[in-house]
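Novice: Here it is, the structure in full.
FYI, it's all coordinate maths here, none of it is from the lab. Just so it is clear, the structure is predicted and the values come from calculations on it, not from any experiment. Cβ: placed from backbone, ideal geometry, glycine included. Neighbour counts: every protein chain shown.
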Amino acid sequence: MKCPECGFEQKPREVCSVCGLVLSDYLAKKAMQRDRPEPTAEQIKRGQMVSIRRGHKIIRNVNTRDLPEKIKRGEVYSSDEISSDEQKWVLAGKHPQLKTLFQKSEEPVESSPPENKKQKEPQIEVRDPQKKAKLKRLTKRHESGKMSDEDYTKERNKILKKAMDEQREQATGQATRATLVGGLGVLMLSIGIYLPIYSVRLVPDTTLYDKSIIQLAIMVSLVILTMLDMARNDFRWARATGVVIAGTLFTIFYMQNQEIAEVLSGKQEAIVGGLFDGFDKVGVEKIKPAWGWIVLSLGALMVHLSGWLRSK
């Protein structure tokens, strides 16, 4: 046998004893070169010709000038291999002149919303650790060129769809809880207006309804504002309204106790104005806060809590 590489005469064998040529590899290479059609004169005139390998399939005589359009149409994947001599292959997604084209072709899929979609799509956050890890593995495989754009987009959309469904279910549950808590808070505030906030021996209990018209008007206005905010399923101002209601209740309680403290300390002889007008030290000692304050405070807390639940 004569070695086709170095010409050394030897007995028939698989590997040349002089140059180390593997006969089977040499014959396979020659067969591939014979099967490879030569480009036409028109093709050569238009530009350089390359071969594209996808798995075991090889597409030959692809003009380099046609590659940008093929990438844009999705006919060439970043996981495809490109070669000019079918000896050295380079991933299309890692090719210095082509990788920017793949990045541009992915932009409309990632960032551009459909033309007929006027509302902005909600941000999808994958919270499940298993789904998050799977999405990270898919991204690494796609960036390394081991997964095609089509397969990556398909698998990624499956994960994002499940995450979106979970977010919708969670948002619906939060909205329901916020509505129940906020409705209960408004109900407690409405009832608390007519509940006793001060009790005096031998005197009817004092309620916020008959305490002061100004204080009552402020509380009613805040409760109505809260109801309107919840009726729109917005809850935007519920947290702030709950704090304002609590602050108003504290102000009313503080001002009344200050009047009582002034009389008890002897700085003034009796209370001037209000329902306890004329109460001296003996009468003031009989004034005690009633349980209505607890109902009003819990109502303000629940209104604030409803806004927190809705925005969570």
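Novice: So how strong a dipole does region 173-311 carry about its Cα centre when Lys and Arg Cβ are +1 and Asp and Glu Cβ are -1, to the nearest 20 debye?
Specialist: Dipole magnitude for region 173-311 comes out near 540 debye.
Novice: Taking region 173-311 as the region of interest, what is the percent of Cα-Cα pairs per 5 angstrom bin, listed from the shortest bin to the one with the maximum distance?
Specialist: 2, 11, 19, 19, 15, 11, 9, 6, 4, 2, 1, 0
Novice: If R0 is 30 Å, what FRET efficiency do you get for Glu14 and Gln87 from their C-beta distance, rounded to 0.05?
Specialist: Details: r = 22 Å, r/R0 = 0.72.
Efficiency computed from Cβ-Cβ geometry: 0.90.
Novice: Kindly state, to the nearest 0.05, the FRET efficiency for Glu75 paired with Leu27, given R0 = 25 Å and r defined as their beta-carbon distance. Provide the component values of the computation, followed by the final result.
Specialist: Values: r = 33 Å, r/R0 = 1.32.
E between Glu75 and Leu27, to the nearest 0.05, is 0.15.
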